[in-house]
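Laboratory data are not the source of any read-out in this text; all were calculated from the coordinates shown. The shown structure was predicted, so the numbers you read here are calculated from the model rather than taken from an experiment. A quick note on method: Cβ atoms are made from the backbone with ideal geometry, for glycine too, and the neighbour counts reach across all protein chains shown.
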């Protein structure tokens, strides 16, 4: 879909559920830290904030809506950015746990993973010498056996449970088959355009992070959805900035954040989410690409507006 404003939407994924506290001191864990980094990312230029929650005591992923409630109102009060809640949670959560916060808070957007897959971070564990919390090493090493469940029934359940809330979706597509899965749900009439498609590169278990694959996913989405979708790119780890810059040059939107990469440059840990937002904003500006405001993102994605959420 052609962007009517010809501006790039920057999404910032603030904390996620994959990286663990031992990997970076900058990773926000407490509700106060998540709120502060989310607001700073919005002030830096992010129009959309993609949010997970963590247990404040040890930084482990949680889907508990009571934890989300400790930071969502503060973010909404301090910024006009679009708040996008995860329904991916972590691969260890049940579908019900992953969906609980979105059902309670009825956000403008929520993420939706478009297929089951192997999803592993186990090689990272060998690089960490000192662990802050006992759960981290087990979580990373056991991911070698993870199957991230997103069956057709699971995805349909999310659509059906959220249909009366006016929430729209960041459709996370980790491989080309996930685009076809989305097309299946379009054919069933469970989702209406414009579809926001987040193509994901570089996760162990998903499509690889290289330029040919970015083009392939773009062309496949064009074939399946024509002018009915809005495209965005995220890439994991060291692939983050090169691949999302390529996506922007191909007419796409971009996602940064400490969920996707802990680094700001080769071998240098990012100090915050806002630092990554400022870096991609500078890259986009150097390419003569404009940056979408939250209001423009809402128009492009046909969102219901912040006044219609339940927080």
Report the dimensions of the range 228-311 along its three principal axes from the alpha-carbon atoms, largest first, rounded to Å. 42, 31, 20
Rounded to the nearest 500, what is the 222 nm mean residue ellipticity of the chain from helices alone, with -39500 (n - 2.57) per DSSP H run of 4+ residues and division by all residues? -11000 deg cm²/dmol
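Given a Förster distance of 30 Å, report the FRET efficiency between residue 293 and residue 144 from their Cβ-Cβ distance, rounded to the nearest 0.05.
0.10
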For the pair residue 188 and residue 94, the simple spin-label estimate (label points 7 Å beyond Cα toward Cβ) gives in nm 2.1
Cα extents of the range 49-170 along the three principal axes, largest first, in whole Å? 45, 36, 20
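Once the convex hull of the C-alpha atoms of the range 160-214 is built, how many Å³ does it hold per residue, rounded to a whole number?
It comes to 94 Å³ per residue, whole-number rounded.
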For the chain, what ratio Rg/Rh do Cα atoms give with a Kirkwood hydrodynamic radius? 0.92
What nm value, rounded to one decimal, do you get for the distance between residue 58 and residue 104 when each label is placed 7 Å out toward the C-beta? 2.1
Between residue 122 and residue 152, what is 0.36 nm times their sequence separation minus the Cα-Cα distance? Round to one decimal in nm. 8.1 nm
Using r as the Cβ-Cβ distance of residue 285 and residue 66, and R0 as 45 Å, what FRET efficiency do you calculate, to the nearest 0.05? 0.65
Distance between modelled label sites at residue 266 and residue 43, nm, 7 Å Cα→Cβ extension: 3.3
I'd like the antiparallel share, as a percent to the nearest 5, of DSSP beta bridges with both residues in the chain. 20
